Every structure is written in C-alpha cells, then in structure tokens.
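Input: a single structure, listed below in structure tokens.
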Ligand SMILES: CC(C)(COP(=O)(O)OP(=O)(O)OC[C@H]1O[C@@H](n2cnc3c(N)ncnc32)[C@H](O)[C@@H]1OP(=O)(O)O)[C@@H](O)C(=O)NCCC(=O)NCCS
C-alpha cells in the first residue's frame, strides 16, 4: 500500500518501535503517547501489545496503516496477506501461507507452507510455524517457539517463548514448555488434612 504524502510515522517509542525505525530506516519518525498525529501521514503500529494495537487501529482507522515488509524477508509468490503486515528482517513466508490483517511476523520467524495466521496475531522472533498449522486471530507466539504441523492455536491464546506445541491450544489459554502444556496450579490431594483431622477450608 502507498504511503500518504506526509510520509510514515511509527506510533510508539518502545523496543518494537525502535526496531521498526532502524529496519525500515530514513524518513520514519516515532511518536510519543499523546502527541498529535498529522492528518497527512501513514501509520505503523510500533508496539507488540495486542490491546494497544487493537485500540489504535480503532482510533485511527484501518486505512491509515501501511505495510512494513523488509527486503530481506523471503516471501513465496503464492503467499497472501491482509492489511498492514509487519514482516521483519530475515523472515520466511512459505508457499500458500495466508496472513490476515495487522499480523506481525517478527525477526527471523518462519511461516511454513499453507499456514493460516489470523488478524492481529503476533509471531515472535525465531518462532517456527510448521506446515498447515493455524494461528487464530489475536494469538501470541513467543520467541523461538515451534508449532508442529496442522496444529491449531486458538484465538487469543499465548504460546510461551521456546515452547514446542504438539497439541491444539484452546482459545485464550497460555501454554509453555516442551511439550507445551497449559499453565495451571496443580493441587495434589495427599490426604494430609483428613489424616490430621483438619477441616476443609
Ligand atoms: C509464557 C509467558 C507469556 C508467561 O508470562 P508470565 O505470565 O509473566 O509468567 P511469569 O514470568 O510470571 O512466569 C511464571 C512461571 O512460568 C515460568 N515460565 C515463564 N515463561 C516460560 C516459558 N516460556 N517456558 C517455560 N516456563 C516459563 C517461569 O519460570 C515461572 O515459573 P515459576 O512459577 O516456577 O517461577 C512468558 O513468560 C513468555 O514466554 N512470553 C513470551 C515473550 C516473547 O517471546 N516475547 C517476544 C518479544 S519480541
């Protein structure tokens, strides 16, 4: 998508904004929170946080945002994407992959053949999404995580850094580890209270 006449501004000044500014170089400027955004500029979301990204897109409108696709990314001719993707340095988007709107594929991540990545999904640095896997909208895949082929990561789910996902992940659930399991507090009934005659609280 073409940038507006006033150039391109990155919203934010945090780590992700600074990475974007350096990778996509000259002419980009970054805005602090609360600073006025001139009407004639195109925008790039400079943060990873899902809720801030959703809010800003709602506030400024879908049409204000432009693609940020780095020249070192390898992208199959048959891959497709929606509005304003961020496809960072050294990424690989393989044959038949489909990306929704506002997807971030961070540094060195790989989206293998025929994967489907939903709107606002975040794929962390070095993560590998293997063939035909589905990452539903708003899901977050941590750095260096691996999602095995054909697995489904549900909407808004979080996959911890370095996790290896061997089973589908339900919407909204956080998983971590290898093999990745849901985060939970395990309570083991030792029968201690009963033996000691304690009342259950
Ligand atoms: C999974 C994750 C979201 C959990 O975050 P959190 O809720 O703040 O978790 P905490 O840091 O409080 O850790 C809770 C416990 O899980 C463990 N843990 C955290 N992340 C883990 C991970 N990725 N793999 C294995 N264990 C992990 C911690 O060691 C801690 O264990 P403890 O209770 O025995 O001490 C986060 O740790 C993570 O991996 N985020 C991805 C970050 C990333 O890749 N960002 C990309 C930036 S570009």
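Values quoted throughout were computed directly from the atomic coordinates according to the rules given, and no laboratory measurement underlies them. All values derive from a computational prediction rather than experimental measurement. Every residue, glycine as well, gets a Cβ built from its backbone with ideal geometry; the counts of neighbours run over all protein chains shown.
Put in line by how crowded their Cβ is, counting other Cβ atoms within 10 Å and starting with the fewest, 136, 35 read 35, 136. Residue order for 146, 95, fewest other beta carbons within 10 angstrom first, comes to 95, 146.
With each run of n ≥ 4 DSSP H residues scored as -39500 (n - 2.57), what mean residue ellipticity at 222 nm is computed for the chain after dividing by its residue count and rounding to the nearest 500 deg cm²/dmol?
Values: 3 runs with 26 residues, N = 201.
That comes out to -3500 deg cm²/dmol.
Among 91, 72, 174, the order by Cβ neighbours within 10 angstrom, fewest to most, reads 72, 174, 91.
Output the Kirkwood hydrodynamic radius of the chain, Cα pairs only, in Å rounded to one decimal.
About 18.0 Å for the chain.
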